[in-house]
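Read the structure below first, then the notes.
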Amino acid sequence: MRADHPKLKKLEPPKLTLADRFFLPQVAAGLLVTGRHIFGVAFQDKAITVQYPEVQHVPSPVYRGVHRLNKDEEGRPKCVACMLCATACPAHCIDIVGATAPETWPDREKYPESFVIDELRCIYCGMCEEACPVEAIELTGLYDLTGLSREEMIFDKTKLLSVFDATRDAEPMKYTTPPPGPSGQTQLLDSPIA
Ligand code: SF4
Ligand code: SF4
């Protein structure tokens, strides 16, 4: 479009006052927000911090934390190694090796011989849970996930099943009270990575 085109609109930059030039309205608005928080904590008991780990934070009912691999009534992993979760995962952090199911498991063709999630690469989007046709993988409300090495944060099948054992009674995505261990941390990492 030419610079002298009749439909061309020329916009003039808004005129700034002296206060605008020194960002005084924005600074005042920011101080107002800070003051409101200080007043709320000091006089209205609206503290938003907790003395963790003595006091456990209760996450939102839709918080997406550590994964769990669910078991069926017979204690077997529900997973049928269909790979849909790994395909849906945008972070490519699920690695599954499927194998032919034992003959004593007539209700499925395959099962996951190996099931690994890299909890450090995961972005906790929940796509794997959405994709799973048999509700075998779910995100729990567990948030106190720590490790001393990257390897510790790579969860294998045993660990993922142990998360299920620790959160067995929780509704998916509605987990509210993490069971604390001796140090206040949830005890999940009791099994070595295979
Ligand atoms: S929560 Fe998202 S990023 Fe994490 S494993 Fe599932 S699909 Fe992948
Ligand atoms: S967890 Fe669900 S989606 Fe993923 S491989 Fe197993 S059955 Fe398929």
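The values are calculated or read from the model by the stated rules, or taken from the named source; none is laboratory data. Predicted model, so just to flag it, every value in this text is computed and none were measured. All Cβ positions, even for glycine, are placed from backbone atoms using ideal geometry, and neighbour counts span all protein chains on display. Note: accessible area is taken over every heavy atom of the protein model, side chains too, but ligands, DNA and RNA are not part of it. Shrake-Rupley method; radii C 1.70, N 1.55, O 1.52, S 1.80 Å.
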- prompt: How many residues does the range 1-38 hold that are of a type in the set (Ser, Thr, Tyr) and not in a loop (DSSP other than H, G, I, E, B)?
  reply: 1
statement: Being touching a residue at least 12 places away in the same chain (Cβ under 8 Å), under 27 Å from Ser162 (Cβ atoms), more than 16 Å from ligand 1 (Cβ to nearest atom) and loosely packed, with under 11 Cβ neighbours inside 10 Å narrows Glu54, Glu74 down to just Glu54
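Hey, among the residues in the range 88-116 that are open to solvent by less than 60 Å² (accessible area, probe 1.4 Å), part of a loop (DSSP other than H, G, I, E, B) and out of contact with any helix residue (DSSP H, G or I) (no Cβ under 7 Å at 6 or more places or on another chain), which one's farthest from ligand 2 (Cβ to nearest atom)?
First, the residues of the range 88-116 that are open to solvent by less than 60 Å² (accessible area, probe 1.4 Å): 88-89, 91, 93-94, 96, 98-99, 101-102, 105, 108, 111-112, 114-116.
From the residues that got through so far, the ones that are part of a loop (DSSP other than H, G, I, E, B) too are 89, 91, 93, 101-102, 105, 108.
Still in the running and out of contact with any helix residue (DSSP H, G or I) (no Cβ under 7 Å at 6 or more places or on another chain): 91, 93, 101-102, 105, 108.
Working: Ala91: 14, Cys93: 13, Ala101: 12, Pro102: 16, Trp105: 14, Arg108: 9 Å.
Checked the range 88-116; the qualifying residue farthest from ligand 2 (Cβ to nearest atom) is Pro102.
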statement: When restricted to Ile123, Ile154, the only residue open to solvent by 50 Å² or more (accessible area, probe 1.4 Å), at pLDDT 95 or above, away from ligand 2 (no atom under 14 Å from the Cβ) and within 30 Å of Ile48 (Cβ to Cβ) is Ile123
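Scan Cys132, Cys82 and give me the residue that is open to solvent by less than 60 Å² (accessible area, probe 1.4 Å), touching a residue at least 12 places away in the same chain (Cβ under 8 Å) and more than 30 Å from Pro53 (Cβ to Cβ).
Cys132
Pull up the range 121-175, narrow it to residues that are part of a helix (DSSP H, G or I) and of a type in the set (Lys, Arg), then point me to the one that is nearest to Met83 (Cα to Cα). Talk me through it step by step, then tell me what you get.
We begin by selecting, within the range 121-175, every residue part of a helix (DSSP H, G or I); these are 127-131, 151-153, 157-166.
This time we only want the ones that are of a type in the set (Lys, Arg), so: 157, 159.
On the way: Lys157: 14, Lys159: 19 Å.
Checked the range 121-175; the qualifying residue nearest to Met83 (Cα to Cα) is Lys157.
Residues to consider are Cys79, Cys85; find the one that is within 24 Å of the chain's Cα centre (by Cα) and assigned to a loop (DSSP other than H, G, I, E, B). Steps first, please.
On the way: Cys85 fails: assigned to a loop (DSSP other than H, G, I, E, B).
Exactly one residue qualifies, and that residue is Cys79.
With respect to Ala42, determine if the residue is outside any loop (DSSP other than H, G, I, E, B), within 16 Å of ligand 1 (Cβ to nearest atom), surrounded by 10 or more Cβ atoms within 10 Å (Cβ to Cβ) and not hydroxyl-bearing (Ser, Thr, Tyr). Step through it out loud before you land on a result.
Numbers: outside any loop (DSSP other than H, G, I, E, B): yes; within 16 Å of ligand 1 (Cβ to nearest atom): no; surrounded by 10 or more Cβ atoms within 10 Å (Cβ to Cβ): yes; not hydroxyl-bearing (Ser, Thr, Tyr): yes.
The answer is no for Ala42.
Sort out which residues of the range 135-148 are open to solvent by less than 50 Å² (accessible area, probe 1.4 Å) and either under 22 Å from Glu73 (Cβ atoms) or near ligand 1 (Cβ under 8 Å from one of its atoms) (or both), and write them in order of number. It would help to see each step written out before you state the result.
Within the range 135-148, the first condition is being open to solvent by less than 50 Å² (accessible area, probe 1.4 Å), and the residues that meet it are 136-142, 144-145, 147.
Across the range 135-148, the qualifying residues are Ala136, Ile137, Glu138, Leu139, Thr140.
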query: Within the range 57-71, restricting attention to residues that are open to solvent by 60 Å² or more (accessible area, probe 1.4 Å) and aliphatic (A, V, I, L, M), which residue is farthest from ligand 2 (Cβ to nearest atom)?
result: Val58
